[in-house]
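Notes follow the structure.
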4 protein chains.
Amino acid sequence: MEPILILNTGGTFNKRYNPLRGELEVPKDSNAIESILHHCSNTHYTLRSILHKDSLEMNDADRAHIAHTIQTSTSHKILIVHGTDTMDQTARFLALHVKEKCVILTGAMVPFSIDTTEATANFMFALGALHVTEKKGIYIAMHGAIAEHSHLYKNREKGIFERC
Amino acid sequence: MEPILILNTGGTFNKRYNPLRGELEVPKDSNAIESILHHCSNTHYTLRSILHKDSLEMNDADRAHIAHTIQTSTSHKILIVHGTDTMDQTARFLALHVKEKCVILTGAMVPFSIDTTEATANFMFALGALHVTEKKGIYIAMHGAIAEHSHLYKNREKGIFERC
Amino acid sequence: MEPILILNTGGTFNKRYNPLRGELEVPKDSNAIESILHHCSNTHYTLRSILHKDSLEMNDADRAHIAHTIQTSTSHKILIVHGTDTMDQTARFLALHVKEKCVILTGAMVPFSIDTTEATANFMFALGALHVTEKKGIYIAMHGAIAEHSHLYKNREKGIFERC
Amino acid sequence: MEPILILNTGGTFNKRYNPLRGELEVPKDSNAIESILHHCSNTHYTLRSILHKDSLEMNDADRAHIAHTIQTSTSHKILIVHGTDTMDQTARFLALHVKEKCVILTGAMVPFSIDTTEATANFMFALGALHVTEKKGIYIAMHGAIAEHSHLYKNREKGIFERC
């Protein structure tokens, strides 16, 4: 079976506390994702860590890099871990440039390093959906929903994604 | 949208340490599942806690109770949290008695109360798959795989589920 | 027995992640300290939460407030949870203004909400020392040491307190 | 400065879940204690792991082994991690055989691997007390108290140690 391509682009999902600087940082590794995938011995995947940014700092060159990575992969199912603030922008960008593949974006409101549950829940919900879907398109999976990307948005007052 | 029926039947997934008795016990509540569902504000579900057993103690009367609960529910998508030791037996029993519905069984090798990650991962992978599937049948979802129930088994030496 | 006075002044020890703002904040409560004291059913204490600041923002008015709180308390044993960056400054200030009492300052390099172990370790080490000491003075207890305050300093390169 | 001798004898403090057997086991390592000591870079100690038993299985030969280890050590301050069920028996045994040293026994009602806070709290409270005490004798430190060993007992209904 063709491997699922898992792309790590950074975001809150990955942040870790740096005690020397007293700040949360997006690390250059994928430790959080790997901690979850440790429990997925049956999933055939390729994990690529291509960006390490808070999504507020992500620009169209970064989005083109994500799109190019997807286009040139042999995988037809792609899971992207992304910051929540511009997940919608990246999804719209990918919708213009990626056809004939199923892409699901997910992320977290709280870093895996602070509370493992929400990040694990979102990631694995997306991975489960990706396993069984036969559709193409750009989707967002967050907080117990998966939908075509324009149908889920971040409610900044509540701190959760909701259908729209 | 019709709610997903989530059935808690006990098992390692739910176990908690009782400091007075010095033992892990299957509690009579669904705290572990509720802790995960706290992050699923978009999922429309009904949670029913119908059994509180280590799955080695589960008998056919228990399985008939599970089957009856599914048959009499209006839901067509069912997620069952179950002990890993007899998950296969319950699945075979349900395959004989439940038609026209999609049932996914999941569980954990390590209690949610000891390590949240594996239990959350299995549960949410199953929930994500259940959201998008359009198939009927009895499935097992464990350790990054979802398959028709007879195609995943518990490898007791390794402590993981594998395809067979 | 006279209660131990526990003063919460904020600092990294107490910080929690605010998912709406995407930042760690010093909360206005003492939840972290109370989580630890939950396991101290035999300790007779008074907990007062008097400041909620990152210690870099603490000024001499704040320090005078701490000193005044200690001076006017009937307790002769005081434990202060304080940010690590200016713990030494507050200790020197207290050394000038507090006599005839035993004051131990402690804190953490990593918030209790991110990793419970270091914060719990420092707090309980200080509390254990405070229970048995019969000395007066201003002490710092961090990372497995208790010493007269001028004999422990924060090594900012290593992220630990060391003897000097 | 003479190192503190830390003796690991097993007990609930150290227990870990074995997913292959579905049980909590007393491991043959001192990982829990080492995880705490990781935050004690200033403490000069020797850690010896001499028994790996649930304290209900401990016998007088085991207690003689503990006493002998203490007698033949050059350290005069000893911290013992011990199961809670027979901590009092071991303390009485040591009171007969160990003179001229300060011995503090501690443990936990909940394994460090399940909840780090109580185990860390008891251990570090004991360590802090041991740093500053100048007394000899056999003490128990649990749940925010340190007392001569016959003055603290395990209340089995409440699951905490109390003064008597």
### Residues of the range B:21-37 that turn out to be of a type in the set (Gly, Ala, Ser) and more than 13 Å from the chain's Cα centre (by Cα), as a count
2
### Summary
The lone condition residue B:97 fails out of (1) crowded, with 16+ Cβ neighbours inside 10 Å; (2) free of Cβ contacts under 8 Å to residues at least 40 places away in the same chain; (3) more than 14 Å from chain A (Cβ to nearest Cβ); (4) of a type outside the set (D, E, K, R) is (1)
### Message
Any residue at all in the range D:107-116 that's at pLDDT 95 or above, within 8 Å of chain C (Cβ to nearest Cβ) and under 25 Å from residue C:104 (Cα atoms)?
### Response
yes
### Message
Tell me whether the range B:74-88 contains one or more residues that are in contact with a Pro (Cβ under 7 Å, 6 or more places away or on another chain), surrounded by fewer than 24 Cβ atoms within 10 Å (Cβ to Cβ) and more than 14 Å from chain A (Cβ to nearest Cβ).
### Response
yes
### Query
Given the range C:118-164, what strands (runs of 3 or more DSSP E) lie entirely inside it while holding 2 or more residues that are at the interface with chain D (Cβ under 7 Å from one of its Cβ atoms) and at pLDDT 95 or above?
C:145-148, C:160-163
### Query
So which residues in the range A:9-18 are surrounded by fewer than 24 Cβ atoms within 10 Å (Cβ to Cβ) and touching a residue at least 60 places away in the same chain (Cβ under 8 Å), if there are any at all?
A:16, A:17
### Task
Determine which single condition residue A:32 fails, assuming it passes every other condition in (1) surrounded by fewer than 17 Cβ atoms within 10 Å (Cβ to Cβ); (2) out of contact with any Lys or Arg (no Cβ under 7 Å at 6 or more places or on another chain).
(1)
### Message
Looking at residue B:18 and the list (1) closer than 30 Å to residue D:55 by Cα; (2) within 14 Å of chain A (Cβ to nearest Cβ); (3) more than 12 Å from the chain's Cα centre (by Cα), which single condition is not satisfied?
### Response
(2)
### Query
For the range C:100-117, what are the residues that are free of Cβ contacts under 8 Å to residues at least 12 places away in the same chain and not in a loop (DSSP other than H, G, I, E, B)?
C:117
### Summary
When (1) closer than 30 Å to residue C:110 by Cβ; (2) in contact with a strand residue (DSSP E or B) (Cβ under 7 Å, 6 or more places away or on another chain) are applied to residue D:73, the one that fails is (1)
## Note on the structure
Exactly one of A:69, A:120, A:106 is under 15 Å from the mean Cα position of the chain (by Cα), more than 20 Å from residue B:44 (Cα to Cα) and not basic (Lys, Arg), and that one is A:69
### Message
Take the conditions within 11 Å of chain D (Cβ to nearest Cβ), out of contact with any His (no Cβ under 6 Å at 6 or more places or on another chain), surrounded by fewer than 22 Cβ atoms within 10 Å (Cβ to Cβ) and not basic (Lys, Arg) and apply them to residue C:49. Does it pass?
### Response
no
### Some residue of the range A:58-65 being among the polar types (S, T, N, Q), over 15 Å from the mean Cα position of the chain (by Cα) and over 16 Å from residue A:13 (Cβ atoms)
yes
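The values are calculated or read from the model by the stated rules, or taken from the named source; none is laboratory data. What you are looking at is a predicted structure, and each value in this text was computed from that prediction instead of being measured. We place every Cβ from the backbone using ideal geometry, glycine too, and count neighbours over all the protein chains shown.
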